[in-house]
Each structure stands twice: as structure tokens, then as C-alpha cells.
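The values are calculated or read from the model by the stated rules, or taken from the named source; none is laboratory data. Nothing here was measured: the structure is a model prediction, and the numbers come from that model. Note that each Cβ is placed from the backbone with ideal geometry, even for glycine, and that neighbours are counted across all protein chains shown.
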Amino acid sequence: MNGSVRIGSVRGVALRTHWSVPLLMLLFAYGLGSRTLPAYAPGRAAAVYAVAGVAGGLLLLMSLVVHEAAHALTARRAGIPVQDMTLWALGGMTRMDRPATARAAFAVAVSGPLASLVVGGAGLGAAAGVEAALGWRIPVAVLGWLGGMNVLLGVFNLLPAAPLDGGRVLEAAMWWRTGDRDRAQRAAGRSGQIVGMVLVAVGWLAFLRGVGGGLWLAVIGLFIAFTAAAERRRAELGAALRGVRVAEVMTAPVVTGPDWLTVDRFLSDVAVHVRHSVLPLVDFEGRPSGVVQLRRLAAVPSGRRETVRVRDVAAPLSRCTLAAPDELLDSVLDRLGSEGGLPVLVMDGSRLDGIITAHDIGRLAQQHSMAEH
């Protein structure tokens, strides 16, 4: 995810955090220290509330890590490769390959909410134990708040709405029942759109009645609705791509450009004669060397265009997504996130055979849609 940095690892899985997470934790710590703690345990020094609020925010952050780690470790136990975990303002995201079975998908999806519910129960139990044994109201308030937040997190994530974990559970259940993964994903997407818009309506009504948190609920609902719609479109695309080979959709022959030209020469001698926004590059020996976006060339300051080479602005071949002509297209697209992105360069050994752009994939999806109707 853009804007995230690595902060460590859990059992060998990289842990990253988005810049929004520290801001959100500070907001939670401020709310805990300025409102919740003074109301439950009045009469303490401001420094005590501040330290306890920060401690509560850090514990909440750790519980989010537990939630995502449960997904990642369950996936690894099921033999699913995991790339990394990323915390961000609306929760977290664990990047992994697609589960091969409905059973594995269900286990991975339900593990996160179950971990949050366990942490929540432990926090509430610890709060009750500390109150009964010691009567320390500040620790009791922090532990009770932490437990309640985790229970809320676990229950909310079980809503049957993609991209929430509950949507993944629904998708896995329908996949197991029907045997059709794409149909199950479309159903989870539709459910997510409905639940998201309901949350928007409820949040907005709450905000109009003076509940400040209603606006945050409406924002979350919008995120769920838009993401669910995107997942539904992705499922429809998956149906169009099933069984299609790379050679069937690629554009060939390929227009290429020499990577040794300066940006100025390339724009005047090559770019003006093509209609493409992205061009593969070749070196002196005619071998593919990378891909350049023409907008990146246009962004080079005019004073540097006579000295900067195109290859210095381009994405090198090592960062491009490569495919063989006989590969299945859907398996190639599954690799986009970890290997690079569009376009896909189609290679037959060391020879560039073709290129696949977003336009090529969109055309295939449109043809599939027209065939169905």
C-alpha cells in the first residue's frame, strides 16, 4: 500500500504500517485520556490520564497486529504464500495468494475476528479481575476499554460484507455450497454494497442527530460500498478470463522504442509517431530492457531532456510483469501485485512476442459481457 513503511515482522511475515495509523492511535489515546478515564476515575493528575491513554492506544495497536497476524499465520499453515501485513486507518490488510479451497478461505477469513474476540474477552476478564482483586480504577478502565474495542472490532468484521472478514466468510460458504468461486465473490460484493450503504445511512442520520461518531461510520460505509463494488467487478472479470491464454489477448506485433535515446530525441522521433501511452524498450542488441510511460518522459524538466536517457526514466525489465504466450491469463494477473503491474510483456524465451495492456483486458471483458447478453 502506498504511504506504508516496514516496522518489523511476525514469524517471518513483514509487518508494515500506513502513515494514518499513528495519527489514529493518537486520536484514540487522546479520547481515552481526556474523556473515558476522567469520567471513570476522576481526580487523578493530567499526566496519569495522558500516560494511561497512550498505553491504551499502544495496546490497541498491538491488538490490530494480533488480528492481522492471525490471518497471516492461518494462511501459512494452509500452505498459502503470504507477502506482508499492513496496518492502516480502517483496520489492516494481509496480502496473500488466493486460497485454493473454500475450507482454507473460510479458516483464513474467520481467524482474524476470532483473534479479536479472544483478545477482547481477555481484556474484559482482566479488567474484572483487577477490579475485584486490587480496585485500581485506571488499569480497570484501560483494560475494559481495550476489551470493548476488540469485541467491537471482531463483531464489526463479521458483518457479511466484502471486504470485511465476514464478507470473506460469506464468500467461502457460498463457494463451498455452489462450487463456483466467481459467483460467491459476486454475491459477497453485492452484500458489501448493500451493507456499506446501510452504514452510510445510519451514520449520516446519527451525525444529523448530534452523534459525532456517525460521520466516521458513514465514511467506513462508503469505503465498504466502493471496495465491494470493485471486488464484484473483479469477479465478473475473473469469469471472462477463465481458460483464456495470454497469446489470445495480447497485442502483437509490438511497437518498441530504443532505450539509449535521450528523452528529447525519444519524444520528437518516437513518441509523436505512436498512439500508445506505454512503450516497451529495447537495447542496442534488440533485447527487451523495460517499459516507459510517456507521461513520465513529459514530466522530465525541459532543461534535462537533452542529457537524460529514456532507460533512466523507464521501469527496468526486472520490475516488469513477464508472461509466456501459453500461460493462463488469470494466473498472470494474480501475479501483478507482487511482480509489477500492467502492461504485461509476453516473452517467448528472450524475444518480445506481445504486450497486454488494460485496454486489452477491458476489450476481453466487454466481449464476454456481450456474449452473455
- Message: Suppose we keep only residues that are in contact with an Asp or Glu (Cβ under 8 Å, 6 or more places away or on another chain) and not hydrophobic (A, V, I, L, M, F, W, C) within region 138-166. Which one would you say is surrounded by the fewest Cβ atoms within 10 Å (Cβ to Cβ)?
- Response: P163
- Task: Determine, yes or no, whether E231 is crowded, with 17+ Cβ neighbours inside 10 Å, under 26 Å from A365 (Cα atoms) and among the acidic types (D, E).
- Result: yes
- Message: Regarding region 179-186, can at least one residue be identified that is hydrophobic (A, V, I, L, M, F, W, C), buried (at least 17 other Cβ atoms within 10 Å of the Cβ), more than 15 Å from A109 (Cα to Cα) and not assigned by TED's automatic domain parsing to the domain that holds A102?
- Response: no
- Item | Output for region 64-81, where each listed residue is surrounded by fewer than 20 Cβ atoms within 10 Å (Cβ to Cβ) and touching a helix residue (DSSP H, G or I) at 6+ places or on another chain (Cβ under 6 Å) | V66, A78
- Inspect region 16-29 for any residue being assigned by TED's automatic domain parsing to the domain that holds N150, in contact with an Asp or Glu (Cβ under 9 Å, 6 or more places away or on another chain) and at pLDDT 90 or above and give the result as yes or no. yes
- Query: Quick one: in region 316-351, which of the residues that are closer than 14 Å to V249 by Cα and assigned to a loop (DSSP other than H, G, I, E, B) is nearest to the chain's Cα centre (by Cα)?
  - Reply: L342
- Output yes when any residue across region 105-123 is touching a residue at least 60 places away in the same chain (Cβ under 8 Å), out of contact with any strand residue (DSSP E or B) (no Cβ under 7 Å at 6 or more places or on another chain), closer than 13 Å to H67 by Cβ and polar (S, T, N, Q), and no when none is. no
- Task: All but one of (1) touching a residue at least 12 places away in the same chain (Cβ under 8 Å); (2) over 22 Å from R335 (Cα atoms) hold for A228, so report the exception by its number.
- Result: (2)
- Task: Just need a number here: residues in region 1-27 that are touching a Lys or Arg at 6+ places or on another chain (Cβ under 8 Å), more than 12 Å from V65 (Cα to Cα) and not charged (D, E, K, R).
- Result: 3
- Query: Right, V202: over 16 Å from A365 (Cα atoms) and either assigned to a loop (DSSP other than H, G, I, E, B) or more than 25 Å from the chain's Cα centre (by Cα) (or both) or not?
  - Reply: yes
- Residue list for region 5-21, filter: touching a helix residue (DSSP H, G or I) at 6+ places or on another chain (Cβ under 9 Å) and either surrounded by 12 or more Cβ atoms within 10 Å (Cβ to Cβ) or assigned to a helix (DSSP H, G or I) (or both): V10, V13, L15, T17, V21
- Message: As an exercise: evaluate V211 against (1) part of a helix (DSSP H, G or I); (2) at pLDDT below 90; (3) hydrophobic (A, V, I, L, M, F, W, C) and give the number of the one condition it does not meet.
- Response: (1)
- Do the conditions hold for D360, that is, is it charged (D, E, K, R), touching a strand residue (DSSP E or B) at 6+ places or on another chain (Cβ under 8 Å), in a helix (DSSP H, G or I) and within 30 Å of M93 (Cβ to Cβ)? yes
- Message: Report every pair of residues separated by at least 6 positions or lying on different chains whose Cβ atoms are under 9 Å apart, first residue within region 131-144 and within 22 Å of S63 (Cα to Cα), second in a loop (DSSP other than H, G, I, E, B).
- Response: R137/A41; R137/R44; I138/A41; I138/R44; V140/A41; V140/L134; A141/A41
- Name the residue, out of V272, V300, that is among the aliphatic types (A, V, I, L, M), without any contact (Cβ under 8 Å) to a residue 24 or more places away in the chain and either surrounded by 12 or more Cβ atoms within 10 Å (Cβ to Cβ) or farther than 27 Å from A235 by Cβ (or both). V272
- Query: What residue, of A252, A247, is exposed (fewer than 13 other Cβ atoms within 10 Å of the Cβ), in contact (Cβ under 8 Å) with a residue 40 or more places away in the chain and either aromatic (F, W, Y) or closer than 18 Å to P343 by Cβ (or both)?
  - Reply: A252
